[in-house]
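Note sheet for the following structure.
The values are calculated or read from the model by the stated rules, or taken from the named source; none is laboratory data. Note that the structure is predicted; figures quoted are calculated from it, not measured. We place every Cβ from the backbone using ideal geometry, glycine too, and count neighbours over all the protein chains shown. For the accessible areas, the whole protein counts, side chains as well, though only heavy atoms, and no ligand, DNA or RNA atoms are used. Shrake-Rupley method; radii C 1.70, N 1.55, O 1.52, S 1.80 Å.
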Amino acid sequence: MSSAGSAHLLVASNRGPLTVVPVEDGDDKVTRGGGGLVSGMQAALSESPDAVWVCAALNDRERALARQAPEGRISELPQVAEALGGEFDVNMLAIDAQTFRNAYNSIANSTLWFVLHRLYDLPTQPVFDARWRREWASYVRFNEAFANALADAAAQGATVMVQDYHLFLVPRMLRDRRPDLKISIFTHTPWVSADYFTMLPDDVSYALVDGMLGADVIGFHTQRWADLFAETAREVTGKDDSVASGVAVFPLGTDPEEMARLGDRRIVDSELRVLNEIVGDRPLIGRVDRTELSKNVYRGLLAYRELLRTRPDWRGRVVHAVYNNPSREDLPAYREYTARIERLAEEIDDEFATDEWTPLVFDIGDDYPTGLAIMRRADVVFVNSVRDGMNLVVLETLVLSERSPAVVVSREIGAAEVLGDDAFVVNPFDVTATAEALHQALTLPQDERAPRARRMRDAAVRLPPTQWFRAQLDALR
Ligand code: G6P
């Protein structure tokens, strides 16, 4: 057993609460990471003395910075301390570049992400060969680096909260090193049926599930994902009681104050004015995603095209705004997908646009205020993911929209369970049914739309990040 450190509360995640970006004079600028989850965790962490967030350096700049820091305590560097406000420590692991790339790009974002979102094109994928085995060995080393850092930093009896599929092996590794710790793992993605999960090599399915079973509490966003995990665990371990009592559901919601702070800025106002010049007083179908295969923007655009083709009355009378934040551009499949949705967007524009009407506002960029402007203006919020652990954006849009929006969501996302019958719930593969749901949402009378939007908004804010985090702490302690 390692000797105990001094931290009583530890969070572990691949992506940490800091972003290091190069600035013009060759220096690095360190900022706090965005997003409700980061701020919620930050709020909760800063209440605990000696809290530590352990994360990976994601690129060469971060690795260089992490290597300068005493024992990786990047929060002790002056430029980082300033960005963090000294509320807790960050230990950024400078894992070597090759190991990191294999673990993150190949195993976490290709294999595990694809399995958990059912993204494989089965006639040719997945392939588990010798090369894949080397990448898997990197994933094991990556998880070991986290387990070692956590074991070193944790005080006797400390609480460790591990996040997501990048770190599925950590709970068991940490339990072996430090049996005194209280450990949770939260999976932000969906889970899949046992027969899909067990496409993975047998020893790998076992290692992943057993790795997670090393935790005292195994958290998911919804009951559906929790049940599928329990089914997978039974199948993979061959034991009916493998999951004992540890699986629990914590449906992450959004923080209305945080969203208002982000949304009510002058920069968003000016983006909204630009958008309004295009949209006019037409209803707007809005969506804001990462350029992510699981988000299903492709079929979303097909559904919008089908709406305009089959219900020509909508031509000239509706606008669809799609804002996509570039994501995981190192992966060829992501670059190809992005190019494909761009082509489809152009085709839709060619088919329908007139001098007076822009049917589709399609934007791929890093400019989050554009996304926030769409969220404020949306009359219909549209999320048709192939699968999605929760989909916080739909919850955030319910909080930000100034127009009591109607909501069209995929039945394959966690948020469908949270929003219930007040949303129009669709099969994400059924383009015709999705087009029909968009029509229904657009024509929902105001006296029905407003109470539905109110109830969905209440559901969206039921468990904001800080409370979500505390609920897990309570479950652990
Ligand atoms: C999902 C995962 C997160 C991840 C995020 C962004 O929401 O559950 O763990 O941080 O995607 O992905 P990225 O690869 O950019 O960190």
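Numbers at a glance
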item	result
Within segment 422-457, considering residues that are in a loop (DSSP other than H, G, I, E, B) and more than 14 Å from LEU398 (Cα to Cα), the one nearest to the chain's Cα centre (by Cα)	PRO428
Matching residues, segment 85-106, being assigned to a strand (DSSP E or B) and more than 28 Å from ALA333 (Cα to Cα)	ASP89, VAL90, ASN91, MET92
Residue match in segment 300-321 (condition: within 16 Å of the ligand (Cβ to nearest atom) and surrounded by 24 or more Cβ atoms within 10 Å (Cβ to Cβ))	no
Matching residues in segment 244-272 - criterion: being open to solvent by 60 Å² or more (accessible area, probe 1.4 Å) and under 16 Å from LEU400 (Cα atoms)	GLU257, ARG261, ASP264, ARG265, ARG266, ILE267
Sole residue being under 30 Å from ASP447 (Cα atoms), among the hydroxyl-bearing types (Ser, Thr, Tyr) and open to solvent by 10 Å² or more (accessible area, probe 1.4 Å), chosen from SER385, SER410, SER401	SER401
Test: residue in segment 328-339 that is closer than 22 Å to LEU119 by Cβ and touching an Asp or Glu at 6+ places or on another chain (Cβ under 7 Å)	yes
Any chance LEU442 is modelled with pLDDT under 95, more than 24 Å from ALA260 (Cα to Cα) and in contact with a helix residue (DSSP H, G or I) (Cβ under 8 Å, 6 or more places away or on another chain)	no
Test result for ALA415, hydrophobic (A, V, I, L, M, F, W, C) and closer than 17 Å to LEU252 by Cα	yes
Criterion violated by ARG101 - all others in (1) over 20 Å from the mean Cα position of the chain (by Cα); (2) open to solvent by 20 Å² or more (accessible area, probe 1.4 Å); (3) of a type in the set (Lys, Arg) satisfied	(1)
Strands (runs of 3 or more DSSP E) (entirely within segment 10-84) containing at least 1 residues that are of a type outside the set (Gly, Ala, Ser), away from the ligand (no atom under 16 Å from the Cβ) and under 27 Å from THR466 (Cβ atoms)	28-32, 51-56
So ASP349, is it outside any helix (DSSP H, G or I) and open to solvent by 20 Å² or more (accessible area, probe 1.4 Å)	no
Matching option when the condition is within 16 Å of the ligand (Cβ to nearest atom) and either at negative phi or not charged (D, E, K, R) (or both), among ASN276, ASN325	ASN325
Given (1) charged (D, E, K, R); (2) on the phi > 0 side of the Ramachandran plot; (3) open to solvent by less than 40 Å² (accessible area, probe 1.4 Å), index of the condition GLU62 fails	(2)
The listed residue being within 16 Å of the ligand (Cβ to nearest atom) and either outside any strand (DSSP E or B) or open to solvent by 50 Å² or more (accessible area, probe 1.4 Å) (or both), out of LEU122, LEU112	LEU112
Candidate set: segment 367-412, residues that are part of a strand (DSSP E or B) and small (Gly, Ala, Ser); chosen: the one farthest from the ligand (Cβ to nearest atom)	ALA406
